[in-house]
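Below: one structure in C-alpha cells.
The values are calculated or read from the model by the stated rules, or taken from the named source; none is laboratory data. All values derive from a computational prediction rather than experimental measurement. Virtual Cβ from ideal backbone geometry, glycine too; neighbours counted across all protein chains shown. Surface accessibility is based on the protein's heavy atoms, side chains included, excluding ligands, DNA and RNA. Shrake-Rupley method; radii C 1.70, N 1.55, O 1.52, S 1.80 Å.
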Amino acid sequence: MGNGSTRRRLHRQVRTARALFDEGALEEAEALLRSLMSDCDDAFGGDHRESIGIRNLLGSVLYQQGKLGASATLHGEAMARAARVLGSDDPATLGYAHNYGAALAVQGRTSDAVSVLDDTLQRRIRRLGDAHEDTLTTANTLGATLFTAGARSDGLTLLRQAHASAQRLPPSHPLREDIARNLAIAQRNAGSW
C-alpha cells in the first residue's frame, strides 16, 4: 500500500475513533486508538502530528474510563512530543498540556498539576489573550485545582478573574456556566457569598 493510501486509511480510522469517543463507545475507541498509535508510529514516526494527536485522544478516552495514570502518561507524552515538534507555545501543544495538567489534578498529583496548568495558563495568555476560550478553560481548571488543594485565596482570585472574562461569552455558553458553577462552589465553601 502506498504512502497516500496508508495516510487516507489512517485518517479514516482516526475519524472513526473520534466518532466512537463522541458516542461514548469508549472501549471500542480505546482498542482502535491503540492499534492506530502503533500504525501511525510505524507509518509516519512518533513525532508526526497524527501520532501525537492519537496519543492525546487515547489519553482522553482513558480519562473518561477512569484510567487516570495511563491517561496522564499519554497526555504527558503528547505534550512533550508536541513541544519538541511544534514548540511550547503552539496551540496544539497548549491543548495537550492542559489535558495533562487536568489528568494530574484528577489523580491527586496537585503540585505537578498546578505547575503544568500555571505554565499552560501563562503561555495561553501570552499567545491567545486572557479572554480566549482556551485560556479561560485552563484558568477555570487551575482555579478549581488551587482551591481544592487548599490555596483557597489564589483559587478564588483566579476563578473570579475567569468569571469576569467569561462574561464576554454568550449567557448559555457551557464554559461560562462551568466557571460560574466552580466560582459559586468555591465561594460557598470559603464562606464568601
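Table: residues versus (1) surrounded by fewer than 14 Cβ atoms within 10 Å (Cβ to Cβ); (2) closer than 22 Å to A83 by Cα.
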| position | (1), (2) |
| --- | --- |
| T16 | no, no |
| S35 | yes, no |
| D41 | no, yes |
| F44 | no, yes |
| H48 | no, yes |
| S51 | no, yes |
| I54 | no, yes |
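Filtering the range 18-33 down to residues that are among the aliphatic types (A, V, I, L, M) and part of a helix (DSSP H, G or I), which residue is most open to solvent (accessible area, probe 1.4 Å)? Steps first, answer last, please.
Of the range 18-33, the ones among the aliphatic types (A, V, I, L, M) are 19-20, 25-26, 29, 31-33.
Checking the rest, the ones that are also part of a helix (DSSP H, G or I) come to 19-20, 26, 29, 31-33.
Numbers: A19: 41, L20: 38, L26: 35, A29: 0, A31: 63, L32: 39, L33: 0 Å².
Per the stated criteria, the residue is A31.
Would you point out the residue of the range 67-78, among those that are open to solvent by 50 Å² or more (accessible area, probe 1.4 Å) and not β-branched (V, I, T), that is farthest from the chain's Cα centre (by Cα)? Break it down into steps so the answer makes sense when it comes.
First, the residues of the range 67-78 that are open to solvent by 50 Å² or more (accessible area, probe 1.4 Å): 67, 73, 77.
Then keep just the ones that are not β-branched (V, I, T); that gives 67, 77.
Details: K67: 15, E77: 13 Å.
Ranking the qualifying residues of the range 67-78, first place goes to K67.
Moving on to the next point. Is there a residue in the range 117-126 that is within 30 Å of A82 (Cα to Cα), of a type in the set (V, I, T) and touching a residue at least 24 places away in the same chain (Cβ under 8 Å)? Spell out how you get there, then give the answer.
Of the residues in the range 117-126, the ones within 30 Å of A82 (Cα to Cα) are 117-126.
Then drop every residue that is not of a type in the set (V, I, T), which leaves 120, 125.
Of the ones still in play, those that are also touching a residue at least 24 places away in the same chain (Cβ under 8 Å) are 120.
Yes.
Next question. Quick one: in the range 45-102, of everything that is of a type in the set (K, R) and in contact (Cβ under 8 Å) with a residue 12 or more places away in the chain, which residue is nearest to A25 (Cα to Cα)?
Of the residues in the range 45-102, the ones of a type in the set (K, R) are 49, 55, 67, 81, 84.
If we keep only those that are in contact (Cβ under 8 Å) with a residue 12 or more places away in the chain too, we end up with 49, 55, 81, 84.
Values: R49: 24, R55: 17, R81: 27, R84: 32 Å.
Across the range 45-102, the extreme among qualifying residues is R55.
For residues in the range 153-172 being assigned to a loop (DSSP other than H, G, I, E, B) and within 15 Å of T135 (Cα to Cα), which is most open to solvent (accessible area, probe 1.4 Å)? Before the answer, list the steps.
As a first pass, look at the range 153-172 and keep what is assigned to a loop (DSSP other than H, G, I, E, B): 167-172.
Adding the requirement that they be within 15 Å of T135 (Cα to Cα) leaves 167-169.
Values: Q167: 78, R168: 171, L169: 23 Å².
Only one residue fits best here, namely R168.
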